[in-house]
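Read through the structure below, which is laid out as structure tokens, and then see the notes.
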Amino acid sequence: MISPTEELCWRTRGWVVPEHELEIDDQLIHDVQQAYHGKKIPDDFGTEPTLMFPSKLASINEMAVHKELLAIAGNLLNAPARLIQMVAWAKKGSSNRDETSNQDQRMHMDYGNNSFVHPPPFHNPNVCAVIIYLSDTTETGGATRVVSRHGPRDPWYQPPYTRMPGQAGLEFVNNKEDAELMMAYEGHDRTSLYDREEAPQFDVGEMLWYRHDVWHRGTPVNAGKIRYVINMAWSKTESPNFIWQGGYAKGMYYGWLEEFISTLNPYQLYSIGFPHPLSSYWCNETIAGVAARYHCYGFDINKYLTASII
């Protein structure tokens, strides 16, 4: 878990690196590295299908419903947390610096490609996100930089958050140098934003907990190195955010995902999309239907419906 002071940092500054590290299973690191073995690592954000939840890799699925991560997410959101992103990916050192490159990213917030709308007021966040590092960034490079919010009058945290590429008619450019040339041309000098960025370094198992309304950016990976991370995010039930990787149920029909679902506790089931036990969705017909769908996998619908998910 995280301490009350660390939670307060997340709520006020917008991000925190907890002192506590996550224990990373060697099998997970092995699976992530093997998924890229013999393949060209893309310059942009990783899209290796086997490293997205749900996956045929048990290590990925287990991470998606990791009890400690789920507890932290629920604590930060003050509500049962719904998983909307779980993907592991690699970033390789590259000399590519064209407009689409994410080697040296522009400063941005994540809400733009996770929702059709705008984040709520800062004091009432509806999403929490984490980057879990599977590499030592002092060796590989590629650590994320972040800009803290300095109180309610902070000029860079005054909504609407549209002073970034891809928002409000501004061209989308990923590379920092090209992005800031474009932004300056459009009358948005963001030099003071970069002057404020903080640059923590991360070891294996360290976590950056942040939000979709926090300024941050990716930095270059060292030549000849590969940096591995896991990106995860959770939202409140009423949050207008989408499942980032397109939809979890696409892995159904083959048995392996149904078997995995049948091993989860009520909080884990709720986090991946099961309706709340008190939801109006549940009636005699839907209860019988879900029971019929999962009965052969050992799933107990009554255990879920009598659980207290607060």
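Residue under question is TYR304, and the condition is that it be within 29 Å of the chain's Cα centre (by Cα) and surrounded by fewer than 11 Cβ atoms within 10 Å (Cβ to Cβ); does it hold?
Values: within 29 Å of the chain's Cα centre (by Cα): yes; surrounded by fewer than 11 Cβ atoms within 10 Å (Cβ to Cβ): no.
So TYR304 fails the test.
Looking at (1) of a type in the set (S, T, N, Q); (2) surrounded by fewer than 17 Cβ atoms within 10 Å (Cβ to Cβ); (3) at pLDDT below 90, can you tell me which one ASN241 breaks?
Checking ASN241 against (1) of a type in the set (S, T, N, Q); (2) surrounded by fewer than 17 Cβ atoms within 10 Å (Cβ to Cβ); (3) at pLDDT below 90, the one that fails is (2).
In region 102-122, which residue that is within 15 Å of the chain's Cα centre (by Cα) and in a loop (DSSP other than H, G, I, E, B) is farthest from HIS216 (Cα to Cα)? Steps first, please.
Our first condition is that a residue be within 15 Å of the chain's Cα centre (by Cα); within region 102-122, this holds for 108-115.
Narrowing further to those that are in a loop (DSSP other than H, G, I, E, B): 109-110, 114.
Details: MET109: 7, ASP110: 9, ASN114: 15 Å.
Looking at the filtered set, the residue picked out is ASN114.
Only one of these conditions is not met by GLY251: (1) touching a helix residue (DSSP H, G or I) at 6+ places or on another chain (Cβ under 8 Å); (2) at pLDDT 90 or above; (3) surrounded by 16 or more Cβ atoms within 10 Å (Cβ to Cβ). Which number is it?
Tallying (1) touching a helix residue (DSSP H, G or I) at 6+ places or on another chain (Cβ under 8 Å); (2) at pLDDT 90 or above; (3) surrounded by 16 or more Cβ atoms within 10 Å (Cβ to Cβ), GLY251 fails exactly one: (2).
Quick one: how many residues across region 168-194 are acidic (Asp, Glu) and without any contact (Cβ under 8 Å) to a residue 24 or more places away in the chain?
Taking region 168-194 as the starting set, the residues that turn out to be acidic (Asp, Glu) are 171, 177-178, 180, 186, 189.
The next check asks that each one be without any contact (Cβ under 8 Å) to a residue 24 or more places away in the chain; those that pass are 171, 186, 189.
The total comes to 3.
Identify all residues within region 67-97 that are among the small types (Gly, Ala, Ser), crowded, with 23+ Cβ neighbours inside 10 Å and either free of Cβ contacts under 8 Å to residues at least 12 places away in the same chain or not in a strand (DSSP E or B) (or both); write none if there are none.
ALA73, ALA81 - these are the residues of region 67-97 that are among the small types (Gly, Ala, Ser), crowded, with 23+ Cβ neighbours inside 10 Å and either free of Cβ contacts under 8 Å to residues at least 12 places away in the same chain or not in a strand (DSSP E or B) (or both).
I need every pair where a residue in region 29-42 that is surrounded by 10 or more Cβ atoms within 10 Å (Cβ to Cβ) has its Cβ under 8 Å from the Cβ of a residue that is assigned to a loop (DSSP other than H, G, I, E, B) and not aliphatic (A, V, I, L, M), sequence separation at least 6 or different chains.
From region 29-42, the pairs are ALA35/GLU48; TYR36/GLU48.
Which condition number does TYR228 fail, the rest of (1) in the same structural domain as GLN103 (by TED's automatic domain parsing); (2) farther than 25 Å from TYR133 by Cβ; (3) of a type outside the set (Gly, Ala, Ser) being met?
So TYR228 meets the others, but not (2).
Scanning for something part of a loop (DSSP other than H, G, I, E, B), in the same structural domain as GLN201 (by TED's automatic domain parsing) and farther than 26 Å from ASP104 by Cα, does region 30-52 turn up at least one residue? Even if it seems obvious, please write down each step before you answer.
Quick first cut of region 30-52, residues part of a loop (DSSP other than H, G, I, E, B) only: 36-48.
Checking which are in the same structural domain as GLN201 (by TED's automatic domain parsing) leaves us with 36-48.
Imposing the further condition that a residue be farther than 26 Å from ASP104 by Cα reduces the set to none.
No, there is no match, as no residue in region 30-52 is part of a loop (DSSP other than H, G, I, E, B), in the same structural domain as GLN201 (by TED's automatic domain parsing) and farther than 26 Å from ASP104 by Cα.
Check every one of the helices (runs of 4 or more DSSP H) wholly within region 224-310 and list those with 2 or more residues that are closer than 30 Å to GLU23 by Cβ.
256-261, 266-271, 301-305
Does GLU198 qualify as being touching a Phe, Trp or Tyr at 6+ places or on another chain (Cβ under 9 Å), surrounded by fewer than 21 Cβ atoms within 10 Å (Cβ to Cβ) and under 19 Å from ARG11 (Cβ atoms)? Can you show your working first?
Values: touching a Phe, Trp or Tyr at 6+ places or on another chain (Cβ under 9 Å): yes; surrounded by fewer than 21 Cβ atoms within 10 Å (Cβ to Cβ): yes; under 19 Å from ARG11 (Cβ atoms): yes.
For GLU198, the condition - touching a Phe, Trp or Tyr at 6+ places or on another chain (Cβ under 9 Å), surrounded by fewer than 21 Cβ atoms within 10 Å (Cβ to Cβ) and under 19 Å from ARG11 (Cβ atoms) - is met.
Would you confirm whether any residue within region 147-170 is under 27 Å from SER94 (Cα atoms) and modelled with pLDDT of 95 or more?
Taking every residue of region 147-170 in turn, at least one turns out to be under 27 Å from SER94 (Cα atoms) and modelled with pLDDT of 95 or more.
Here is a check on your reading of the model: is SER59 modelled with pLDDT under 95, small (Gly, Ala, Ser) and touching an Asp or Glu at 6+ places or on another chain (Cβ under 6 Å)?
no
Could you please find all residues in region 207-222 being part of a loop (DSSP other than H, G, I, E, B) and surrounded by fewer than 22 Cβ atoms within 10 Å (Cβ to Cβ)?
Of the residues in region 207-222, the ones part of a loop (DSSP other than H, G, I, E, B) are 211-215, 218-220, 222.
Listed by number, the residues that qualify are ASP213, THR219, PRO220, ASN222.
The values are calculated or read from the model by the stated rules, or taken from the named source; none is laboratory data. Since the structure is predicted, the reported quantities are computational estimates derived from the model, not experimental observations. FYI the Cβ positions are ideal-geometry reconstructions off the backbone, even for glycines, and counts take in every protein chain you see.
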